[in-house]
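Only the coordinates and a few stated rules stand behind these numbers; no lab work does. Bear in mind that the values here come from a model prediction, so they are computed numbers and not experimental data. In this analysis, Cβ positions are derived from the backbone assuming ideal geometry, glycine residues included, and neighbour counts consider all displayed protein chains.
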Amino acid sequence: MEYLERVLYYLLSMDITDIVDMAIIAGLVYQLLALVKNTSSERVLKGVLFVILALWLSSEWQLSSLNFVLNKLVEWGVLALVILFQPEIRRILDQLGGSRFSFLRVFSRREQASTIEHAIDITAEACQDMSRDRTGALIVFERQSKLDDVLRSGTKLDAEPSTELLKNVFFVKAPMHDGAMIIRDGRVLGAGCMLPLSRNVNLSRDLGMRHRAGIGMSENSDAVVVLVSEETGSISVAVGGMLKRHLSIETLRLLLSNELLPKEENQTESKKKFQLKDLVKRKKEKYE
């Protein structure tokens, strides 16, 4: 009853600043939960919540010894959390300082969308050939989070994408075939780059180092990673730490368009495809 009275008193004494304050805290908590979902950090966060709950209960039940130990654990645990969540913290800072807040653009939005769409088509064509020939590939499409550190681990190219370029880079005897290719704004910036491996211990055991590196890259940034398996020729895409496997070329092209193209451009492209399919369907019905 005492707790209900406290809650009621607090609700009655709230003003607009308190509501804004709680909304900001709720938003930060939601972003934190979304960030660590389906990663190894999720279990760490559950452990932190358990310690906080135990600290509160020890205070309420006046367990002084346990409360003292938990307080000291929390004091030292802050530094440990910063170390444990270093990749996630860096990812948040990269997104905050990413190019979405930059007002300086080399190309207009329409030109940039056209360049990215061309890179998507080239990637789909190359992946189709590499899938048939069982050639392994690892292609990273950069978005808001800049991958300059990753680029420094490979060879800089700065070239317009082409089917021949992608296939030659990932040719089994080529010097850069084991690394990743980085594509920024529709241009190939580098190849032979080293990616961080995923820290998710729940991944399938049949996934090799290439797929684990692709998933790791998507965990540590907002990049979209395209993979072709050297063993099976299967095409996959990793986004946000999640791997979508066994994709057809049409599904690959559609997925990349949804993730990389601006929304209005993507909607226009989808509308054109729908109109084309409708026209083909009408002609078939006419001749039948």
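For the cross-link pairs Lys156/Lys244; Lys72/Lys244; Lys173/Lys244, which exceed 32 Å when the distance is taken from alpha carbon to alpha carbon? Write down the numbers at each step before the final one.
Details: Lys156/Lys244 29 Å; Lys72/Lys244 43 Å; Lys173/Lys244 28 Å.
Among Lys156/Lys244; Lys72/Lys244; Lys173/Lys244, the Cα-Cα distance tops 32 Å for Lys72/Lys244.
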Once Ile249 and Phe68 are pulled to full extension, the length gained, defined as 0.36 nm per residue separation minus their Cα-Cα distance, is 59.2 nm
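Tell me, what is the FRET efficiency for Ala54 and Thr232 to the nearest 0.05, using R0 = 45 angstrom and their Cβ-Cβ distance as r? Intermediate results must be reported in sequence, preceding the final value.
Details: r = 47 Å, r/R0 = 1.05.
Efficiency, from the Cβ-Cβ distance: 0.40.
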Take the Cα radius of gyration of region 112-154 and divide it by 2.2 N^0.38 Å, with N its residue count; two decimals is plenty. 1.39
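Starting from the Cα gyration tensor of region 109-211, multiply each eigenvalue by 5, take the square root, and state the resulting semi-axes largest first in whole Å. Before the final figure, lay out the partial values.
Values: eigenvalues 94, 61, 40 Å².
Semi-axes (√(5λ), whole Å): 22, 17, 14.
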What is the extension gain from Asp21 to Leu4, computed as 0.36 nm multiplied by their sequence separation minus the C-alpha to C-alpha distance, in nm to one decimal? 4.0 nm
Would you please calculate the Kirkwood hydrodynamic radius of region 152-210 over all C-alpha pairs and express it in Å, rounded to one decimal? 12.7 Å
Report relative contact order for region 109-241 in percent, whole number only (criteria: Cα-Cα under 8 Å, sequence separation at least 6). 31 percent
Quick one: go through region 152-166 and flag any residue whose amide nitrogen is under 16 Å from the point 7 Å out along the Cα-to-Cβ line of Thr115. 157-162
Less than 12 Å Cβ to Cβ from Leu157, Lys/Arg counted +1 and Asp/Glu -1: what total charge do the surrounding residues give? +1
